[in-house]
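The values are calculated or read from the model by the stated rules, or taken from the named source; none is laboratory data. Predicted model, so just to flag it, every value in this text is computed and none were measured. Note that we place each Cβ from the backbone using ideal geometry, even for glycine, and neighbour counts take in every protein chain shown. All accessible areas refer to the heavy atoms of the entire protein, side chains included, with ligands and DNA or RNA removed. Shrake-Rupley method; radii C 1.70, N 1.55, O 1.52, S 1.80 Å.
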Amino acid sequence: MVNRKSARVVCPFSGLLSSILVLTPLSLQAAPAGVTGEVNSRYTDNAGQTSTNEESDIESRVYLGVRHTSDPGQCNSDLGARLGYGYWLDDTFDPEIYANLDFAGDCRIVDGLVWQVTDNMRDIAQDSRGNNNPNNLTRKNVFRTGPVWTLRLSPVDQISFAAEYENTEFSEPEERDGERYIGTIAFKHFFSASFYGGVTASRDEGELDTEEEIDRDTLSLTFGKEWAATSLKGSAGGSEIETTLNNTTRSTDGFVGNLEVIRQVNPTTEMSLEASRELTDATSDFDIRFGEFVFRQEQTGAVEVSAVRFRATKEFSAGSTFALTAFASRSDYIDLGTEEESSGFNATYRRPVTAQVSATLGGGYNYLTYSDDDTADVLFRVNAGLDYQLSRKLSLLSRVGHDQRDSKVPVREFRENWVSIGLNYQFL
């Protein structure tokens, strides 16, 4: 039997609770929320995604999802959350709680002064080389809050000051929680109504619960430009990160920057490109912003991370849709002197068959390399399914798929075939 892990029933909701308390006035002008419920069962012939002694099992899950955006006003908020509970029929793994949360809110205190709150929660991999099973999951919650004060110096110049507190918690006790204080000064000049440039300086001081201190200074030039169908914004500069543990200090510096381009090619086609390079550590939200990126959680020191992601969506005249995401990332663990790289794509095609039935075809490919043992792995996924609209609010969902991993390290290889079926209900 696959090695079990005790059930994780405690979630780091402290940040979310703080968000609700800070932004209570939002409820006074709240628009109706969207609430969905889902139940599904998934049969797999290799529950642990192991290379030997494969065990088949059925996992059943119950989900509740909430989507809510407040009406515009003095306070604003946007919430998307999905909470689930799963159990295994043959007890291959212990019951699990699954959580996904994105919350962003702000309140205008006086003209120019805004208090902001964000909270992001994900189930993420503990080991970047491990496979997708409950023993390799931890829940990560990143909560950030603080004031932003913006002053208009002239009709075309403005300066802003931000002071923020950030707290990162993991559901597994062996993971290192952390907190940091961030100060930012940003100057922006508008060359025209659609083009600006500026400079930003920031300092953040962080500490893990291992008493390791991680401090970072960053200075960047910023820019943004809007066209009729395209938007562009980004930054470029330098950063220095310093880690201190047991009276030993290490520092490194390098180029950092980010870029975001969104283009509406035509009414049915949209493309976007995101790229980022940062000096950071595993308690940051980089893996939440770039969901295909995975930190090596046991490494707590400084890490140089780079990621690029391209997305394209297309709607066809017959009602079909196609979505493609291509990505690449690299993490350089400075203290260890090791590098990990990942590149690949995910694609989904959806086509109506009848007025009530839609067919879905999806697939993904991921190529991973690890410098310390000079190995390369290949992950491959393919799935197909049918969705049946039983009523205006009730849908039947079915999927069948195959996942596999090829590696020079036998313990990382696996083959898995699975089938799932479920019901989704739109309460509101």
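Per-residue answers, yes or no, for (1) touching a helix residue (DSSP H, G or I) at 6+ places or on another chain (Cβ under 6 Å); (2) of a type in the set (Lys, Arg); (3) open to solvent by 40 Å² or more (accessible area, probe 1.4 Å); (4) modelled with pLDDT under 95:
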site	(1), (2), (3), (4)
PHE295	yes, no, no, yes
PHE327	no, no, no, no
PHE345	no, no, yes, no
SER358	no, no, no, no
SER371	no, no, yes, yes
GLY385	no, no, no, no
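Here are some residues: GLU59, GLU96, GLU38. Which one is within 20 Å of SER420 (Cα to Cα), surrounded by 14 or more Cβ atoms within 10 Å (Cβ to Cβ) and at pLDDT below 95? Don't jump to the end; show me each part of the working.
Numbers: GLU59 fails: at pLDDT below 95; GLU38 fails: at pLDDT below 95.
Answer to the selection: GLU96.
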Worksheet entry | Qualifying residues in the range 99-121 (those that are open to solvent by 20 Å² or more (accessible area, probe 1.4 Å) and touching a Gly at 6+ places or on another chain (Cβ under 7 Å)) - the one nearest to THR150 (Cα to Cα) | GLN116
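With LEU273, LEU279, LEU259 as the choices, which residue is of a type outside the set (Lys, Arg), assigned to a strand (DSSP E or B) and in contact with an Asp or Glu (Cβ under 6 Å, 6 or more places away or on another chain)? Explain how you work it out, then say what you get.
Numbers: LEU273 fails: in contact with an Asp or Glu (Cβ under 6 Å, 6 or more places away or on another chain); LEU259 fails: in contact with an Asp or Glu (Cβ under 6 Å, 6 or more places away or on another chain).
Criteria check complete, one pass: LEU279.
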Worksheet entry | Close pairs from the range 145-156: first under 30 Å from ASP102 (Cβ atoms) and open to solvent by less than 60 Å² (accessible area, probe 1.4 Å), partner of a type in the set (A, V, I, L, M, F, W, C) and not in a strand (DSSP E or B), Cβ under 7 Å, at least 6 apart | THR145/VAL22
Worksheet, complete the sentence: GLU179 passes all but one of the listed conditions (1) crowded, with 17+ Cβ neighbours inside 10 Å; (2) closer than 24 Å to GLY238 by Cα; (3) of a type in the set (D, E, K, R); the exception is number (1)
Discussion item. Which numbered condition in (1) among the small types (Gly, Ala, Ser); (2) part of a strand (DSSP E or B); (3) surrounded by 15 or more Cβ atoms within 10 Å (Cβ to Cβ) is the only one that GLY197 fails?
Written reply: (3)
Response to the item:
Residue pairs within 6 Å by beta carbon, gap of at least six or interchain, first lying in the range 387-401 and among the polar types (S, T, N, Q), second open to solvent by less than 50 Å² (accessible area, probe 1.4 Å), listed first then second, are GLN389/SER395; SER395/ASP387; SER395/ASN424; SER398/GLY385
Worksheet item: Residues in the range 240-257: is at least one free of Cβ contacts under 8 Å to residues at least 40 places away in the same chain, buried (at least 17 other Cβ atoms within 10 Å of the Cβ) and over 30 Å from ASN136 (Cα atoms)?
Response: yes
Worksheet item: What are the residues in the range 122-137 that are surrounded by 19 or more Cβ atoms within 10 Å (Cβ to Cβ) and either without any contact (Cβ under 8 Å) to a residue 40 or more places away in the chain or of a type in the set (Ser, Thr, Tyr) (or both), if any?
Response: SER128
